[in-house]
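Report on the structure given below.
The numbers here are math on the coordinates, done by the rules we state, and not lab data. In this text the structure is predicted, and so the values were computed from the model without any measurement. Counting neighbours? That spans all protein chains shown, and the Cβs are built from the backbone with ideal geometry, glycine included.
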Amino acid sequence: MNPVTPTYTTPSLIIVAVAVVVKIILGSYVKNVGLKVNSDSLVNSGEEAKLDSIVSASTLVAAAIFIFFGLSLEAYLGAIISIIIIKSGIDMIRNTISQLLGERNDPELAREVRKTVEDFPGVEGAYDLVLNNYGPDTWNGSIHIEVPDTYTADKLDQIIRDIQLEVYFKHQIVLTAIGVYSINTQDPHVIAMHKKLKEIVFSHKYVTQLHGFYVNESEKTIRFDVVISLDADDRLKIFEGVVKDVESKFPEYEIEAFPDVDFTGV
């Protein structure tokens, strides 16, 4: 608002020029180290050093224009630089807050983990995978597996331990919990019921998965989980429609169905 005539000295311009070079080198080094060790704080520090070099370089540009053309642009450059600094600060804060609040899982990593689990002998399916990132190379998670109803407790315990070790050494993810779905494998009638129920369930739009199916003939119950896409406008309405159709097909059974969400790609 009240501009003054700037003054520049040779030593000050040399110092600024050296500072630009040093900050560019320092910023590149710190950022590369941050990328190597997966540290957002170091990456942001490197970006900040590079931003400082741009600010210092703009001072040299303004000095050169004033010295050779007598045109003072310092105030205008200062306004532009302030906008750049504000934008850069907002971007850094946004990225950090996004990670603190939680970000979507890496779909490729989730698929690899599920495949690792499903490849174990006796595991008929892997579902409900949830992954939580607590920092560089620090992942925890949980998953459900489908296994035959003939498995004993000691066999289940061994499978769960083997899965936890395999996932940790292969993907560096600690599975803190592995739930178990028991599936019928002995009764041909129940196996046929499963096939028919799948036809009913998947006839509904937005249904993406059916798992945890089990029939208890002594108690006359059928239990299963239905995964409904988040793209559906009314997931509850779709779920109620699924249950209604299953009940009409198997009226002699009590239906214990639960709506579920596949977090693998969320």
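Give me the percent relative contact order of the range 134-224, please, defined on Cα pairs under 8 angstrom at least 6 residues apart.
29 percent
Relative contact order, percent, of the range 107-260 when contacts are C-alpha pairs under 8 Å separated by at least 6 residues?
16 percent
Which whole-number percent gives the relative contact order of the chain, counting Cα pairs below 8 Å spaced six or more residues apart?
13 percent
With a ≥ b ≥ c taken as the square roots of the eigenvalues of the C-alpha gyration tensor of the range 144-266, please select rounded if a/c is under 1.5 and otherwise prolate if a/b is larger than b/c or oblate if it is not?
Since a/c reaches 1.5 but b/c is at least a/b, the shape of the range 144-266 is classed as oblate.
Just from the alpha-carbon atoms, what are the Rg and Dmax of the range 10-101 in angstroms?
15.8, 52
Under the rule of -39500 (n - 2.57) per DSSP H run of 4 or more residues, summed and divided by the residues of the chain, what mean residue ellipticity at 222 nm is obtained, to the nearest 500 deg cm²/dmol?
Helices in the chain give a 222 nm mean residue ellipticity of -19000 deg cm²/dmol.
If we count other beta carbons within 10 Å of each Cβ, what is the order of Thr150, Thr59, fewest first?
Thr150, Thr59
Could you work out Rg/(2.2 N^0.38 Å) for the range 169-211, with Rg from alpha carbons only?
1.71
Would you kindly compute the Cα radius of gyration of the range 1-48 and its largest Cα-Cα separation (Dmax), both in Å?
Taking only Cα atoms of the range 1-48, I get Rg and Dmax of 16.2, 48 Å.
Over the C-alpha atoms of the chain, what are the Rg and the largest Cα-to-Cα span, Dmax, in Å?
Considering the chain through its Cα atoms, Rg and Dmax are 30.4, 96 Å.
One-quarter of the Cα convex hull surface for the range 1-156, in nm²?
Reported value for the Cα convex hull: 13.8 nm².
List the residue ranges in the chain for DSSP H helices whose C-alpha atoms run 27 angstrom or more along the long axis and whose Kyte-Doolittle average is -0.5 or above.
Going by DSSP H runs, the hits are 10-37, 40-69, 74-101.
Rounded to whole Å, give me the distance from the Cα center of the range 215-233 to that of the range 1-76.
Cα centroid of the range 215-233 versus Cα centroid of the range 1-76: 62 Å apart.
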